[in-house]
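Below: the structure, in structure tokens.
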Amino acid sequence: MRVLTGIQASGKLHLGNYFGAMKPMVQLQEQHELFTFIANYHSLTSSKDAQTLKQYTIDAAVDYLSLGIDPDKTTFWVQSHVPEVLELYWVLSKFTPMGLLERAHSYKDKVAKGIPASHALFSYPVLMAADILLFDTQRVPVGKDQIQHVEMTRDIAIKFNNEYGELFVLPEHTVQEEVATIPGIDGQKMSKSYGNAIDLFLDERELQKRCNKIVSSSTPLGEALEYEGCNIYNIAALFLNDEHKKELQERYKSGKEGYGHFKKYLKELIWEELAEAREKREYYLSHMDEVNDILAQGAKKARAIASGKMEKVRDAIGLI
Ligand code: ADP
Ligand code: TRP
């Protein structure tokens, strides 16, 4: 099964991103033919300056490689290194009714949040359709906010196929249902825009400081603690199997330890979980040539498929 997903690079990654997006993605490459790219053309719609966009793109490449994207298994590239996608975007525009784009929630949400209402922002779903259709994608794992974009992709593909012949595969979306919303240090959904995130690549002291900021109740030491509804427990539970969850519950109930102990324990869990990723990240950060090489190889593989597909598209619609 060919599975494709685009990554919006937008700065530092946190535990919510890790459990909600990166871990499931890395698992996909074990069973499927995974295509993953950093969607820097899309990021341009909300980018403020060149340096930041460059930095975010490179950071995302390093972080995803460190967290387990394996370039021997996964085709991994930067969107703008395969410019065929922009050609398909234009072609697909012809098959995109204005009404379809006018109904897009994501566009309205972004404008409501203050992102300038540009044509690029408006036609963002057409570029996403091009990303998906260019590679004969069968499945697109997305967050809930992106489901509509995959549905629009199908509508555009159906319209093309009806008018010019069955050239495009109709993609299905999948949503990672079992991944719950990861809470932040205040118990709300972890998000970089809420200032409640625990970033993935803090140093050990900073990580402990961040864990110490987790909001907990003020039961005095010596009394049994409630694990249900405790933010420290809820985050720690993400790392634990059933047996270890039980053990932690018992520690809460015993009254022998206070929240400070559990914050230390949580820091250890996070630190351990990311040990290998941290090591790889240090390696890649000091071997940027290798990162660039991996991205170039990925683009080459992706481009070979993209240019073959575009030849068929041009022929089908009469571009000589
Ligand atoms: P943020 O809210 O920090 O801006 P993004 O919207 O950039 O995060 O999310 C990128 C990916 O990480 C998405 O696939 C999203 O579903 C996932 N994700 C982000 N925050 C969480 C969270 N708190 N719990 C689960 N998944 C999350
Ligand atoms: N729009 C997606 C997001 O914000 C990123 C993206 C771009 C994407 N192109 C894609 C996701 C193609 C899946 C398939 O998360």
Probe 1.4 Å, protein heavy atoms only - accessible area per residue of region 204-273 in square angstrom
60 Å²
Under 5 Å from the placed amide H of ILE38, counting only residues 5+ away or on other chains, we find ILE7, TRP77, VAL78, GLN79
Largest fluctuation, VAL78, VAL126, VAL291 only, Gaussian network model of the chain with Cα springs under 10 angstrom, belongs to VAL291
How are the alpha carbon pair distances in region 1-128 distributed across 5 Å bins from zero to the largest one, expressed in percent?
2, 10, 18, 19, 20, 17, 11, 4, 0
Within region 137-217, trypsin sites (Lys or Arg not before Pro) in DSSP loop having at most 15 other beta-carbon neighbours inside 10 Å
LYS213
Would you please report the Å³ per residue occupied by the convex hull of the alpha carbon atoms in region 112-200?
137 Å³
Express the relative contact order of region 204-273 as a whole percentage, based on alpha carbon pairs under 8 Å and six or more residues apart in sequence.
46 percent
What shape does region 210-303 have by the C-alpha gyration tensor, where a ≥ b ≥ c are the square roots of the eigenvalues, rounded means a/c under 1.5, and otherwise prolate means a/b greater than b/c and oblate the rest?
prolate
Residue span LYS108 to ILE147: 0.36 nm per residue of separation minus Cα-Cα distance leaves a gain in nm of 12.5 nm
Counting other Cβ atoms within 10 Å, which chymotrypsin sites (Phe, Trp or Tyr not before Pro) in region 141-172 have at most 11 and lie in a DSSP loop?
none
Mind checking Rg over Rh on the chain, alpha carbons, Kirkwood formula for Rh?
1.03
Please name whichever of PHE168, VAL215, PHE201 sits farthest to the positive end of the charge dipole of region 132-215, dipole taken about the Cα centre and charges placed at Cβ: Lys and Arg +1, Asp and Glu -1.
VAL215
About the Cα centre of the chain, what is the dipole size in debye to 20, counting +1 per Lys and Arg Cβ and -1 per Asp and Glu Cβ, all else neutral?
780 debye
Can you work out the FRET efficiency for the pair SER307 and ASP242, with r the C-beta to C-beta distance and R0 = 45 Å, to the nearest 0.05?
0.35
Toy charge model, Lys and Arg Cβ at +1, Asp and Glu Cβ at -1: region 204-273 dipole around Cα centroid in debye, rounded to 20, equals 320 debye
So what is the relative contact order of the chain, in percent, for Cα pairs below 8 Å that sit 6 or more residues apart?
23 percent
Taking a ≥ b ≥ c as the square roots of the Cα gyration tensor eigenvalues, with a/c under 1.5 meaning rounded and otherwise prolate when a/b beats b/c or oblate if not, region 179-221 comes out oblate
Please enumerate, by chain and number, the lysines with C-alpha under 26 Å from the C-alpha of LYS73, excluding those fewer than 8 residues away in the same chain.
LYS12, LYS23, LYS54, LYS280, LYS300, LYS301, LYS309
Starting from the 7 Å offset along Cα-to-Cβ, what nm value, one decimal, do you get for the label separation of LYS192 and ALA316?
3.6 nm
Considering only Cα-Cα distances, which of the following residue pairs are longer than 18 Å: LYS213/LYS267; LYS209/LYS256; LYS209/LYS264?
LYS209/LYS256
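The values are calculated or read from the model by the stated rules, or taken from the named source; none is laboratory data. Fair warning: this is a prediction, and the values are worked out from it, not measured in the lab. Every residue, glycine among them, receives a Cβ derived from its backbone with ideal geometry; neighbour counts consider all protein chains shown. Ligands, DNA and RNA are excluded from the accessible area calculation, which covers all protein heavy atoms including side chains. Shrake-Rupley method; radii C 1.70, N 1.55, O 1.52, S 1.80 Å.
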